[in-house]
Amino acid sequence: MSSPPGIGPDLLVHSRMPLNAEPPLARLRRTGMTAREDFYIRSHGTIPALDAGTHRLRVGGRVTTPLLLSLDELRDRFPARTVTAVLQCAGNRRADMQAVRPTSGDPWAPGAIGNATWTGVALADVLEVAGASTDAGLHVAFEACDEIEMPGEGRFRYGVSIPLAKARSPEVLLAFEMNGDPLAPEHGHPLRLVVPGYAGVRSPKWLGAVTVQDRPSDNHMQARDYKLLPADATEETVDWERGIVINEMPLTSAICEPALNARLSAGPTPVRGYAVAGARAIVRVDVSADGGRHWQQAVLEHDVAAPWSWTFWSATLELAAGPHELAVRAWDDAGQTQPAATGDVWNFKGYLSTAWHRVPVSAA
């Protein structure tokens, strides 16, 4: 599919309505800060046309002073903060699961991820001025301005929530800039939430309202989607109460170069990719040329001043003539690593595809 107007020409467009697209992996890996034209786009409904001058953010619920804030008021009343952070769709690498057996959802390759510098104000500062309750067990719900149409659900606005404890963490931003520029329409203009370490679904774009409450959001996107379900659940039998809410993203890694099914020259072959572990640090990445029978360690690149960023890795593998299955696995600072087989983490929604990333290639 060709890209819609205004979207980078190299993006692979999975659907046009809602607009969902990801970059070629080589472009994703070329620089540590993902440019707008290379940043994945995940939409669930419309991309609203909002005016930054007239847009308002409502803050209410369990607060002593409800607020109605323009973007100028956000900038003037609260100190600006900048955080470099990865955003990643919970369905990143779903295509690997679909190779095991079908799932619902778009067939994301490992490109439903991006790393950017986000500028805005701390959600915690706004909650403080609003006099938000600090009682244990509270949640902060968010309503966006995009509209979603779903069979059996009708038309509704996007909504999710996060625990108050995370909402009060200093890295969580009400962001109005990405990489030093105002947010683009497809990335949430004029205001979005950015929740580092959490699945991208918890970072709603086109943000309109913030509500402190005693329960998670009852919006479809929170209550009946984006949960990790048991392997035996199906679309017909699913019990959403048995699902685990996907908040913190697990350890994962991917090979960005060479490409899937690439034909290469035999001999020394550069292999490059990314690894990410949410709040934990990546401490080792292993790369294999034979599907995981033998491994060698990759060289890591990470900005220690950006703990919510990703880690780039690179290695040179000696490939003999013939077919090869490249594989990668990462380790975090708790000694955790990734499962070997995608079938071990399969679920019918295709979420959290974190097994070793495997890329078949041939050398001659």
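Computed from the coordinates by the stated procedures, all read-outs in this text should not be read as laboratory data. As the structure is a prediction and not an experimental result, all values here were calculated from the model. Please note: Cβ atoms are built from the backbone with ideal geometry, for glycine as well, and neighbour counts cover all protein chains shown.
Using alpha carbons only, the radius of gyration of the range 17-127 set against its Kirkwood radius gives Rg/Rh = 1.07. Peptide packing: for 42-53, 112-123, 23-34, the average count of neighbouring Cβ atoms within 10 Å per residue gives the ranking 112-123, 23-34, 42-53, highest mean first. Working note: Debye formula, equal point scatterers on the alpha-carbon atoms of the range 252-363, no solvent; log10 I(q)/I(0) at q = 0.19, 0.22, 0.23 Å⁻¹ is -0.96, -1.19, -1.26.
Residues in the range 183-203, backbone N under 18 Å from the label point at residue 16 (7 Å along the Cα-to-beta-carbon vector): list them, ranges by number please. In the range 183-203, the label zone of residue 16 (backbone N under 18 Å from the point 7 Å along Cα→Cβ) covers 186. With contributions of -39500 (n - 2.57) from each DSSP H run of at least four residues, the per-residue ellipticity at 222 nm computed over the chain stands at -2000 deg cm²/dmol.
In this label model, residue 299 and residue 238 are separated by 4.4 nm, measuring between points 7 Å along each Cα→Cβ vector. With contacts taken as Cα pairs under 8 Å and at least 6 residues apart, the chain reaches a relative contact order of 17 percent.
Here the 3J(HN,Hα) profile of the range 280-288, calculated from phi with Karplus coefficients 6.51, -1.76 and 1.60 at θ = phi - 60°, is 8, 9, 7, 10, 7, 10, 10, 10, 10 Hz, Gly and Pro shown as x.
Backbone geometry of the range 266-279 corresponds, through the Karplus equation with coefficients 6.51, -1.76 and 1.60 at θ = phi - 60°, to 3J(HN,Hα) couplings of 4, x, x, 10, x, 10, 9, x, 10, 9, 8, 9, x, 7 Hz, x marking Gly and Pro. Projected over all directions and averaged, the alpha-carbon convex hull of the range 71-172 occupies 9.3 nm². The packing ranking, built from the mean of other Cβ atoms within 10 Å per residue, places the peptides 350-359, 333-342 in the order 350-359, 333-342, highest first. Build a GNM of the chain with springs between Cα atoms under 10 Å apart, and of 129, 59, 210 the one that fluctuates most is 129. Listed from fewest to most Cβ neighbours within 10 Å, the set 288, 70 follows the order 70, 288.
Lys and Arg at +1, Asp and Glu at -1: add these up for the other residues within a Cβ distance under 10 Å of residue 174 and post the number. Here the charged neighbours net out to +1. Could you tally the net charge around residue 233, taking each other residue with its Cβ under 14 Å from the Cβ of residue 233, Lys/Arg +1 and Asp/Glu -1? Neighbourhood net charge equals -1. For the chain, modelled as a GNM whose springs connect Cα atoms under 10 angstrom apart, the maximal fluctuation among 344, 332, 96 occurs at 344.
Other residues lying with their Cβ under 9 Å from the Cβ of residue 23 contribute a combined charge of -3, Lys and Arg counting +1, Asp and Glu -1.
For the range 127-196, what class follows from the C-alpha gyration tensor (a ≥ b ≥ c being the square roots of its eigenvalues): rounded when a/c is under 1.5, otherwise prolate if a/b is larger than b/c, else oblate? It is oblate, given that a/c is not under 1.5 and a/b is not larger than b/c.
For the range 290-353, the calculated P(r), taken from all Cα-Cα distances in 5 Å bins from zero up to the bin holding the longest distance, is 3, 12, 17, 21, 19, 15, 10, 2, 0 percent. Rounded to the nearest Hz, the phi-derived 3J(HN,Hα) couplings of the range 221-236 under the Karplus curve 6.51 cos²θ - 1.76 cosθ + 1.60 (θ = phi - 60°) are 5, 9, 8, 10, 6, 6, 10, 7, 9, x, 5, 8, 6, 10, 4, 7, where x marks glycine and proline.
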